[in-house]
Amino acid sequence: MWGSRDTRRASARVCFSLVIVVVVAMPTPSHLKNPLCFDFRAARRVPETHAWPGLDDHPVVDGGGGGGEDAVPVVDVGAGDAAARVARAAEQWGAFLLVGHGVPAALLSRVEERVARVFSLPASEKMRAVRGPGEPCGYGSPPISSFFSKLMWSEGYTFSPSSLRSELRRLWPKSGDDYLLFCDVMEEFHKEMRRLADELLRLFLRALGLTGEEVAGVEAERRIGERMTATVHLNWYPRCPEPRRALGLIAHTDSGFFTFVLQSLVPGLQLFRRGPDRWVAVPAVAGAFVVNVGDLFHILTNGRFHSVYHRAVVNRDRDRVSLGYFLGPPPDAEVAPLPEAVPAGRSPAYRAVTWPEYMAVRKKAFATGGSALKMVSTDAAAAADEHDDVAAAADVHA
């Protein structure tokens, strides 16, 4: 069990891969039958199917520089105070901009170019790779869209780096230059991101107050970094004739450990903050990743590092692309608060769950308007004082 020194319980019920946990745990969107072929380019208005009410219920503030309270935190991986900065950002925001990470700028440029190329393909070619019922990978609307009656102003493509070449043959059945270029670039990107994910995990553990020796001990005992698995989700947000009526991606938290978001230089990602309630527009910084803390990392750190509500908005003039690189545990690993994260004399705030178990709870929470984190908490009163995704959901989904 990750986060506990107790013997792991067998989890024979779970025998599928990470991507299935991330995507298939949510129902397949019913509108994938063919309205997925909605021609965003030809739209002169936002149809009612894509019109979301209440998008202006909370103000939007600039999260750029200036040092104000709404400036999105920036962490330089190589800085001497990186762990302290990660701690502050994860505790106060649940997200931060990551720079100094060592992933070559030229590679990031090629990744963005290849992502844009995927979504520029004709609809008939993209539909060859559409996600069907029970399929974890492929082309389609955001998986989270299955919980809502309204559609989002976006397209997506999900794949597992471990099955990249076989998955992408659905899109390019005859292989060819585009296929080879995409696979080569994404394999290089995956190699860099796994290195960075291991480095950031160590930073997170140091941010909890662990020494270098204690970090090594945690990893040796629980093998968190060694067993982490990855999923990639590509997003395309077309320009929109009425951007104040449409939404690229509904407000949500990520379910796993943490996510690297690579976004083009067209801003659109927003983080939700309270006191007062507002959306903070994340600046588009060349070469930077946005790091989002996910729900299972919230549990692993006993709520000290909290998951963050975020959404993607669209604009009238420019398309936007982004890539999410999601890290999480394997499906059979139980995640519970690390003993090092639980204050002396206190009990863990959350029970142990596997990722599939948590996704089932999360599905129920979406259906009932409840809080998935509360549902797996061990003390409802204590959980009410923590990052509460029920109250946030009631507001940001309005």
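The table that follows gives values for the structure above.
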| quantity | calculated |
| --- | --- |
| Distance from the range 60-93 to the range 107-155 (C-alpha centre basis), Å | 31 |
| Given charges at Cβ of Lys, Arg, Asp, Glu: the chain dipole, positive-most of Gly275, Val321, Phe40 | Phe40 |
| Span from the the range 311-378 Cα centroid across to the the range 238-293 one, whole angstrom | 18 |
| Share of carbon and sulfur in the accessible heavy-atom surface of the range 59-345 [1.4 Å probe, %] | 52 |
| Rh (Kirkwood; distinct C-alpha pairs) - the chain, Å | 21.4 |
| Ranking by accessible area, most exposed first, for Lys150, Lys364, Lys126, Lys374 with a 1.4 Å probe | Lys364, Lys374, Lys150, Lys126 |
| Value of relative contact order over the chain, rounded to a whole percent, pairs C-alpha under 8 Å and six or more apart | 24 |
| Value of relative contact order over the range 114-247, rounded to a whole percent, pairs C-alpha under 8 Å and six or more apart | 30 |
| Accessible area expressed per residue, the chain, with surrounding protein chains retained (probe 1.4 Å, Å²) | 41 |
| Total lysine pairs whose alpha carbons fall under 17 Å of each other in the chain (8 or more apart, or interchain) | 5 |
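The values are calculated or read from the model by the stated rules, or taken from the named source; none is laboratory data. Predicted, not measured: the structure shown is a model, and the values here were computed from it. All Cβ positions, glycine included, derive from the backbone under ideal geometry; neighbour counts span all protein chains shown. Areas reflect the complete protein model, heavy atoms only, side chains present, ligands, DNA and RNA absent. Shrake-Rupley method; radii C 1.70, N 1.55, O 1.52, S 1.80 Å.
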